[in-house]
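All of the numbers you see were taken from the coordinates with simple rules; none came from a lab. Just so you know, these numbers come straight off a predicted model, no measurement behind them. Cβ atoms come from the backbone with ideal geometry, glycine included; neighbour counts cover every protein chain shown.
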Amino acid sequence: MFDFVHERKRVVQVVLALIILPFALWGLDSYQNSGDVGVVATVNDTKIGQAEFEDALMQQRRRMQELAGENFDPALFDRPEIKRSVLEGLATQHLLLANAKEAGLTVSDEQIAQIIAGVGAFQKDGRFDKQMYEAALRAQGMTPQLFEYRVRQDILNRQLTDVYAQNGFAADTTADTLIRLNEQQRVVSVATLAMDAFLKGVSVADAEVRKYYEQNPQQFELPERAQVDYVVFSADALADKIDPAAAEVKSYYEEHLAEFSTQEQRQAAHILIAVPTQAGDAEKQAARQQAEQLLADVKSAPAKFAALAKEHSQDPGSAANGGDLGMFARGMMVKPFDDAVFSMEAGQISDLVQTDFGYHIIKVTAIKPSRAQPLQEVSALIEQRLRAQHAADRFAELAERFNDTVYEQSDSLKPAAELVGAKVVSGQWLSRDQQPGELWTAKVLEAVFSEDAVKNKRNTAAVEVKPNTLLAAHVTDHQPASVRPYEEVAGGIRKLLQHRAALKAAEEQGKLTLAGLQAGENKKLVWKTGLKLSRAQRSDLDPALQQQIFLADTGKLPAYVGVVDVKSGYVIARIDSVKDVESIDPAKRERYTQQMRQVTGEALLSAYLAEAKAGADITLKAFADEGEK
């Protein structure tokens with residue numbers, strides 16, 4: 001997987017040395033060792049701590065929120081089965097990691113650096129930027145230690161699982177058979193004995209309707225309903241009322257000027273005479289003499305720098321480009337190299353610069369000075385940040401008072417709404433069995449239909465429906481679960497029973513007709529002809545009918561099959577001809593074999609995981625409905 005890195009190790013070292021160093025110093029086990037505190041699971045001798053579990057739960061919650069958008073329900077992650085699923089996934093990751101290490105798989109710091117440096121979110125002007133890297137991690141609530149631990153864990157796990165998932169087996173003969181089955185074409189005609197034609201002869205007695213009503217009361221139940229007033233208090237609403245002063249905007253700009261400024265960047269080219277880490281004194285001296293001779297040649301003919309770099313530089317990543325390393329900011333290169341570049345003028349050529357990689361001759365080819373964006377360009381962004389900041393602070397100040405007011409003055413939401421400058425919304429009907437939504441989360445619905453809210457007519461508690469957003473409700477009307485009156489549903493029941501009787505009659509007649517056709521009789525039906533079907537293509541025909549069409553024996557044509565369609569009646573299909581695949585395109589065979597390898601590879605991986613879990617000592621914390629115990 002990482003052959004590129006190994007084959008071009010020298011290039012990677014020059015470009016990424018400063019990235020790798022912090023990784024080595026951060027300590028890879030600091031996060032993993034948190035498992036000793038508040039253990040929630042053990043995998044053999046490995047402990048998973050509460051902090052790691054909560055972080056995994058938070059990350060999964062963020063992913064779900066991004067996918068669901070406004071339909072996301074935060075209460076979902078209070079459910080014990082969701083917590084259990086996340087913890088099981090975490091335990092599986094630890095089990096795979098342990099097995100990968102036992103198998104001798106490793107990931108070097110250099111590989112980690114290469115991968116992280118290639119992430120677009122961590123780059124500026126196409127190059128890794130440490131400040132952007134750290135800012136991006138902070139935005140996700142992660143530290144560099146945690147992120148690197150996850151990258152390393154993911155790579156090790158993938159190295160192990162890919163052995164199975166990417167080594168599925170598929171024979172060409174099997175692929176050919178599958179292609180012939182999938183792409184065999186059957187030309188059919190279809191006729192329908194519509195149940196509408198049988199409805200005229202169907203009558204349903206009142207006693208049958210009453211009997212159905214009495215035997216199926218659950219079909220006519222009305223769920224419990226409540227009408228509520230409610231008030232929403234959010235930081236977003238507060239932000240709309242905040243107008244930062246110009247002086248505050250200016251002060252923020254001056255305090256965060258570095259954020260609104262680009263770093264000075266320099267473009268440099270170099271000639272590298274490499275010195276192996278284990279080189280002896282004689283080898284080092286020979287390399288230095290070669291570098292000194294090249295330096296003399298460059299000094300005497302500066303215009304030939306690029307040509308000399310192409311001919312002599314031992315950095316394959318830049319030699320072909322005349323030694324050009326492109327633009328980079330301070331801190332992107334190893335310190336001696338960095339110090340030299342940022343102490344020189346444009347066009348200047350350095351003396352020999354020694355690093356861990358050997359001897360460099362450096363030429364600064366361009367300087368791009370730092371630039372601060374003018375205040376007027378970023379004032380709107382700053383105002384937005386200040387609004388959000390002040391709103392969050394104000395929300396934190398008022399949230400507890402809002403909660404207290406909702407609770408203490410529980411007969412009305414008006415005092416709480418006036419406290420925070422919100423409006424009370426009236427007349428919202430809710431059903432106990434409705435799907436949770438953005439505002440009406442599972443927690444809110446539970447509070448609305450609680451005994452305290454329904455019988456005692458007290459405000460619900462203020463529930464957090466999303467970050468920095470609280471909702472409190474007050475029940476103004478309540479309708480308990482009930483069964484709809486017979487008179488109200490009798491007409492619908494009668495139509496249902498008529499439909500069933502007509503469908504049964506159509507089915508009986510359809511089966512007789514089908515049997516006659518199969519016996520060679522000539523039946524007068526209206527056929528829809530020329531339908532071409534294959535297993536690989538979608539069709540508007542009923543799936544059950546399609547299945548019968550491809551199960552039918554086509555040794556003698558035409559062949560007939562039929563099925564009941566609850567919407568239309570009884571449907572008969574006549575198979576008129578069969579067209580087999582004449583030849584198989586090699587490219588198509590390859591696509592099929594790839595898909596089959598993927599399927600069999602996934603099966604191999606599933607079998608491996610099942611065996612690994614069966615052979616491991618895994619203990620998981622139990623989660624109860626009322627919370628963790």
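Can you give me the long-range amide H partners of Asp324? Hydrogens built in the peptide plane at 1.01 Å from N, cutoff under 5 Å, separation of 5 or more residues or another chain.
His270
When a footprinting reagent is the concern and you count Cβ atoms within 10 Å, what order do Leu67, Leu156, Leu272, Leu57 take, fewest first?
Leu67, Leu57, Leu156, Leu272
For segment 321-424, just say rounded, prolate or oblate: build the C-alpha gyration tensor, square-root its eigenvalues into a ≥ b ≥ c, call rounded for a/c under 1.5, and beyond that prolate if a/b exceeds b/c, oblate if not. It would help to have the intermediate numbers written out before the result.
Numbers: a/c = 6.78, a/b = 3.68, b/c = 1.84.
Because a/c hits 1.5 or more and a/b exceeds b/c, segment 321-424 counts as prolate.
Sorted by mean Cβ packing within 10 Å, highest first, what order do the peptides 226-237, 123-134, 575-586 take? Provide the component values of the computation, followed by the final result.
Working: 226-237: 20.2, 123-134: 15.7, 575-586: 12.2.
The peptides rank, most packed first, as 226-237, 123-134, 575-586.
As a quick test, which of the pairs Lys523/Lys567; Lys130/Lys310; Lys124/Lys304; Lys47/Lys621 have an alpha carbon distance above 20 angstrom in this structure? Provide the component values of the computation, followed by the final result.
Details: Lys523/Lys567 23 Å; Lys130/Lys310 30 Å; Lys124/Lys304 31 Å; Lys47/Lys621 12 Å.
Where the Cα-Cα span goes over 20 Å, the pairs concerned are Lys523/Lys567; Lys130/Lys310; Lys124/Lys304.
Go through segment 392-403 residue by residue and turn each phi into a ³J(HN,Hα) via Karplus (6.51, -1.76, 1.60, θ = phi - 60°); whole Hz please, and just put x for glycine and proline.
Those phi angles translate into 5, 5, 5, 4, 4, 5, 8, 4, 5, 5, 4, 4 Hz.
Using DSSP to call loops (not H, G, I, E or B), can you name the trypsin sites (Lys or Arg not before Pro) in segment 513-561 whose Cβ has at most 14 other Cβ atoms within 10 angstrom?
On the way: sites: Lys523, Lys524, Lys528, Lys532, Arg535, Arg538, Lys556; in loops: Lys523, Lys524, Arg535, Arg538, Lys556.
Loop-located and lightly packed - Lys523, Lys524, Arg538, Lys556.
Hey, what D do you get for segment 344-397 in µm²/s if you plug the Kirkwood alpha-carbon radius into Stokes-Einstein at 37 °C and 0.692 mPa s? Intermediate results must be reported in sequence, preceding the final value.
Values: Rh = 15.9 Å.
Estimated diffusion coefficient is 207 µm²/s.
Which of rounded, prolate or oblate describes segment 179-260 when judged by the alpha-carbon gyration tensor and an a/c cut-off of 1.5? Kindly include the intermediate steps, with their values, before the conclusion.
Details: a/c = 5.65, a/b = 1.90, b/c = 2.97.
Here segment 179-260 falls in the oblate category.
Cα-based Rg (one decimal) and Dmax (whole number) for segment 264-369, in Å?
Expressed in Å, the Cα Rg and Dmax of segment 264-369 come to 13.0, 42.
List the residues, sorted by chain then number, that are 5 or more residues from Asn44 or on another chain and whose placed amide H is less than 5 Å from its amide H.
Residues meeting the criterion, in which the H sits 1.01 Å from N, are Asp617, Ile618, Thr619.
If you filter segment 344-405 for GluC sites (Glu not before Pro), then keep DSSP loop positions with at most 11 other Cβ within 10 Å, what is left? The partial results should precede the final answer.
Numbers: sites: Glu345, Glu377, Glu383, Glu397, Glu400; in loops: Glu345.
Within segment 344-405, the qualifying GluC sites (Glu not before Pro) (loop, at most 11 other Cβ atoms within 10 Å) are Glu345.
Run the reach check for Lys368 against aspartates and glutamates, Cα to Cα strictly under 14 Å, same-chain hits fewer than 8 apart removed. What comes back?
Answer for Lys368, where 14 Å is the Cα cut-off: Asp125, Glu264, Glu345, listed by chain and number.
Which whole-Hz couplings ³J(HN,Hα) result when phi for each residue of segment 458-471 is put into the Karplus expression 6.51 cos²θ - 1.76 cosθ + 1.60, θ = phi - 60°, listed in order with x for Gly and Pro?
So the Karplus estimates, Gly and Pro as x, are 9, 4, 6, 5, 6, 9, 7, 8, 6, x, 6, 9, 10, 9 Hz.
Give the span of segment 44-174's Cα atoms along each principal axis, as three whole-Å numbers ordered largest to smallest.
Computed over segment 44-174, the largest-to-smallest principal extents equal 49, 44, 40 Å.
For segment 264-369, what is the charge dipole size about the Cα centre, in debye to the nearest 20, if Lys and Arg each add +1 at the Cβ and Asp and Glu each add -1 at the Cβ?
Roughly 240 debye, rounded to the nearest 20.
How big is the dipole moment of the chain about its Cα centre under a simple scheme where the beta carbon of each Lys and Arg is +1, that of each Asp and Glu is -1, and everything else is neutral? Debye, nearest 20, please.
With only Lys, Arg, Asp and Glu charged at Cβ, the dipole is about 2140 debye.
Using the alpha-carbon centroid of each, what span in Å lies between segment 81-126 and segment 562-582?
So the two Cα centres are separated by 51 Å.
Setting aside same-chain residues fewer than 8 positions from Lys579, which lysines have a Cα under 25 Å from its Cα?
Partners within reach: Lys528, Lys532, Lys556, Lys588.
Less than 14 Å Cβ to Cβ from Leu471, Lys/Arg counted +1 and Asp/Glu -1: what total charge do the surrounding residues give? Please list the in-between numbers first.
Values: positive: Lys423, Lys443, Lys466; negative: Asp73, Asp229, Asp236, Glu438, Glu446, Glu464.
Its environment carries a net charge of -3.
Sorted from largest down, what three extents in whole angstroms do the Cα atoms of the chain have along their principal axes?
Projected onto its principal axes, the Cα set of the chain covers 111, 81, 54 Å.
List the residues whose amide H sits under 5 Å from the amide H of Gly358, counting only those 5 or more places along or on another chain, with H placed 1.01 Å from N in the peptide plane.
Answer set, sorted by chain and number: Val275.
Among Gln227, Trp527, Phe122, whose Cα sits farthest toward the positive end of the charge dipole of the chain (+1 at Cβ of Lys/Arg, -1 at Cβ of Asp/Glu, about the Cα centre)?
The Cα lying farthest towards the positive end belongs to Trp527.
Under a point-charge model restricted to the Cβ atoms of Lys and Arg (+1) and Asp and Glu (-1), what is the dipole moment magnitude of segment 364-485 relative to its Cα centre, in debye to the nearest 20?
Details: 15 positive and 16 negative charges, 87 e Å.
Using Cβ point charges on Lys, Arg, Asp and Glu, segment 364-485 gives about 420 debye.
In straight Cα distance, which lysines are under 26 Å from Lys414, not counting same-chain residues fewer than 8 positions off?
Answer for Lys414, where 26 Å is the Cα cut-off: Lys241, Lys423, Lys443, Lys455, Lys457, Lys466, listed by chain and number.
What does the helix-only formula give at 222 nm for the chain: each DSSP H stretch with n ≥ 4 adding -39500 (n - 2.57), the total divided by the residues, and the result rounded to the nearest 500 deg cm²/dmol? Display every interim value, and only then the final one.
Values: 23 runs with 309 residues, N = 629.
The helix contribution divided over the chain gives -15500 deg cm²/dmol.
Express in whole angstrom the spacing between the alpha-carbon centres of segment 198-257 and segment 149-172.
Result: 44 Å between the Cα centres.
By the scheme Lys and Arg +1, Asp and Glu -1, what is the net charge of all other residues having a beta-carbon under 15 Å from that of Ile584?
-2
Taking +1 at the Cβ of each Lys and Arg and -1 at the Cβ of each Asp and Glu, which of Thr355, Gly280, Asn321 sits farthest along the dipole of segment 264-369 towards its positive end, judged by Cα position relative to the Cα centre?
Asn321
How much net charge surrounds Leu497 when only the other residues with a Cβ under 14 Å from the Cβ of Leu497 are counted, with Lys and Arg +1 and Asp and Glu -1? Show your work: numbers first, answer last.
Details: positive: Arg210, Lys211, Arg494, Lys495, Arg500, Lys504; negative: Asp206, Glu208, Glu214.
Net local charge, Leu497 excluded: +3.
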